[in-house]
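I have placed the structure first, in the form of C-alpha cells, so that the comments after it can refer back to it.
The values are calculated or read from the model by the stated rules, or taken from the named source; none is laboratory data. This is a predicted model, so every value here is computed, not measured. Quick reminder, even Gly has a Cβ in these numbers, built from the backbone with ideal geometry, and neighbours come from all protein chains shown.
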Amino acid sequence: MVIRLAISVEGLTEERFIQSLLVPHLQDRGIYAVPLQLGSSGGDVSFPRIKKELNKLAKGFDKVTTLYDFYGFKGKGEEENKVSLEQKIVDCVAAPLRDQIIPYVQMYEFEGIIFSSPEAIENNILQRGLSDWASGVLQQFGGDPEKINDSPQTAPSKRLLNKTDYLKTVHGPNIASEIGLARLREKCQGFDAWMNELEALQE
C-alpha cells in the first residue's frame, strides 16, 4: 500500500533538503513524501498558521509530519521543550485527524544538523579553516549537533552567518546532501528518531 505523506516545512531550505534526501529514501519504501512550505510561502512558524495548514493537509494526505525549528518558533513559552511543543502541534489539529499527525521539531534548528560534518561545511562554503572552526563549535556541545544552542547570537545559523558567507537556501541543502542521511542519522538522535517513525509507516 502506498502512503501519501505531507511534510510541512518552515521554508525553502528545508523543502530543498527534503526533496533531495528524504523523498528518494522514503519513496524506495513506498512512502510518497511531498514537502510543502508552511502557508505556501514559509516562515512565521506560529500556532495559528500551523493549525490552518495541518488541518487542511490532514484531509488530503494519509499522514502529515512537520519539520519546524525550535529556535524561532513563535508563541512558545519560556519553559517549552521539544516534547511539549510537538504535543501542542498535534493539539492544533481537529481531534478526528490527530492520529494522522507525526509532529517533529528540530533542535535547535536545521543548521544544527549540518555541523554533523565540519568538512562538508568547508567544502561547500569554500572558506579555508571552516572545518576546524566548525569542529570547535561541535566540541563545545559534546559532539552533538542538535545541542548547538537556542540564542539570537549563537544559534547554528547565526554562527554560520557571523563566520561565513553562508547562503541558507543554497549551502544548507548542499551541505546536507554531501553529508548524506546515514551520517546525519548517526550524529543526530532526534532526527534519526523522526526518520525511524516515518519509515515505520510501512511496517
Qualifying residue in the range 122-129 (condition: of a type outside the set (D, E, K, R), within 18 Å of the chain's Cα centre (by Cα) and under 19 Å from Gly11 (Cβ atoms)): no
Subset of the range 134-158 [surrounded by 14 or more Cβ atoms within 10 Å (Cβ to Cβ) and either of a type in the set (Gly, Ala, Ser) or in contact (Cβ under 8 Å) with a residue 40 or more places away in the chain (or both)]: Ala134, Ser135, Asp144, Pro145, Glu146, Lys147, Ile148, Asn149, Asp150, Ala155, Pro156, Ser157
Selection status of Glu197, touching a residue at least 12 places away in the same chain (Cβ under 8 Å) and either assigned by TED's automatic domain parsing to the domain that holds Ile102 or in a loop (DSSP other than H, G, I, E, B) (or both): yes
Per-region count, the range 83-121, residues surrounded by fewer than 18 Cβ atoms within 10 Å (Cβ to Cβ) and under 17 Å from Gly11 (Cβ atoms): 0
Pick from the range 20-40, criterion touching a residue at least 40 places away in the same chain (Cβ under 8 Å) and part of a helix (DSSP H, G or I), ranking: surrounded by the fewest Cβ atoms within 10 Å (Cβ to Cβ): Ser20
Which listed residue is closer than 30 Å to Tyr166 by Cβ and in contact with a strand residue (DSSP E or B) (Cβ under 9 Å, 6 or more places away or on another chain), from Arg16, Arg49, Arg4: Arg16
Residues of the range 132-156 satisfying the condition of being outside any helix (DSSP H, G or I) and polar (S, T, N, Q): Asn149, Ser151, Gln153, Thr154
Output for the range 175-191, where each listed residue is over 12 Å from Leu22 (Cα atoms) and touching a Lys or Arg at 6+ places or on another chain (Cβ under 9 Å): Ile179, Gly190
Criterion: at pLDDT below 95 and farther than 23 Å from Gln19 by Cβ - qualifying residue of Asp144, Asp99, Asp150: Asp150
Residue satisfying all of: in the range 118-133; in contact with a Pro (Cβ under 9 Å, 6 or more places away or on another chain) and in contact (Cβ under 8 Å) with a residue 24 or more places away in the chain; nearest to Tyr166 (Cα to Cα) among these: Leu130
Check on Ser20, outside the structural domain of Leu167 (by TED's automatic domain parsing) and modelled with pLDDT under 95: no
